[in-house]
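Following: one structure in C-alpha cells, then a few remarks.
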Amino acid sequence: MLILPLGNEHERKGFDCGNDDLNHWLRQVAGQHGRKGLSRTFVAVESTNSVQMLGFYAVTLAELLHADLPPALRRKYPPKVPAWRLGRLAVSTLHQSRRIGQVLLFDAMERTSRLAAEGGGVGLVVVAKPEAVAFCTQYGFESLPESPGHLFLEF
C-alpha cells in the first residue's frame, strides 16, 4: 500500500466510505482545495498504477489559541501557536477492517511532524466524531477540555 497526493488519475466517483458528507467532500471539494492551496489530500492505493482509492485524509494549517491547548502546555507556548489540522480521514467500505485508517493516521502524523520540523507547528489537531475519539487517543492524542471532540497531539 502507498500513500500518495490526490491526483486527477484517482477515481473519486466510485469511492464510498459510508458517510455522504465525506464522499461529497472528496468528490467535489478536495481537488478545489488542493488547487487553491487550502488543504492537501493524500490517498491510500494498492500501487502506483492504482486508480481505486482505499482511503484518504486531508491536512491543512491551523492556529491554536492559548486557551485551546491542553492545560499542561499553556505555560509552554505563546498566546497563538501554529499547528496542523487533520480535517478529513475516511476508508472505503470495501476496505474497512484492514487497518487502513491506522495507516492513514500514522502517515498524517509523520507527514505533519516532518513539515513542522522544517517550517513550524507545535502539533496536530483533530476534530473527531464521537466514535473516533477512542481511536485517536490510543495513539497519543489528548482531549481538549474546552472543546469536546477536539483532540491534540504535540510533536
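Nothing in this text is a laboratory measurement; each read-out follows from the coordinates by a stated rule. Not measured: the values here are computed from a predicted model. Quick reminder, even Gly has a Cβ in these numbers, built from the backbone with ideal geometry, and neighbours come from all protein chains shown.
Descriptive notes on the structure:
- Backbone HN-Hα couplings from phi across segment 2-11 [Karplus 6.51/-1.76/1.60, Hz, Gly and Pro as x]: 10, 10, 10, x, 4, x, 4, 6, 7, 6
- Dipole axis of segment 2-154 (+1 Lys, Arg; -1 Asp, Glu on Cβ), positive-most option in 48, 64, 7: 64
- In plain terms, the chain from residue 2 to residue 117 could stretch by 39.1 nm, reckoned as 0.36 nm per residue minus the Cα-Cα distance.
- Cleavage-rule hits (chymotrypsin sites (Phe, Trp or Tyr not before Pro)) in segment 67-146: DSSP loop, at most 16 neighbouring Cβ within 10 angstrom: 139
- Annotation: amide H-H contacts under 5 Å for residue 39 (H modelled 1.01 Å from N, sequence separation of 5 or more, or interchain): 34.
- Segment 99-108 - phi-based ³J(HN,Hα) in whole Hz, Karplus 6.51/-1.76/1.60, Gly and Pro as x: 6, 5, x, 5, 4, 5, 4, 4, 5, 4
- A simple rule links phi to the HN-Hα coupling: the Karplus curve 6.51 cos²θ - 1.76 cosθ + 1.60 with θ = phi - 60°, which for segment 35-44 gives 5, 8, x, 7, 7, 10, 10, 10, 10, 8 Hz, with x for Gly and Pro.
- Only Lys, Arg, Asp and Glu carry charge here, each on its Cβ (+1 for the first two, -1 for the last two); on that basis segment 34-123 has a dipole of about 220 debye about its Cα centre.
- Assuming charge only on the beta carbon of Lys and Arg (+1) and of Asp and Glu (-1), the dipole of the chain about its Cα centre is about 280 debye to the nearest 20.
- Each of 127, 83, 103 was placed along the dipole of segment 12-143 (beta-carbon charges, centred on the mean Cα), and the one lying farthest toward the positive end is 83.
- Here's how it looks for residue 147: its modeled amide H is under 5 Å from none belonging to a residue 5 or more places away or on a different chain.
- Helical runs (DSSP H, four residues minimum) scored at -39500 (n - 2.57) apiece and divided by the length of the chain put the mean residue ellipticity at 222 nm at -7000 deg cm²/dmol.
- Spacing of the two label points (7 Å from each Cα toward its C-beta) at residue 77 and residue 146, in nm: 1.2 nm
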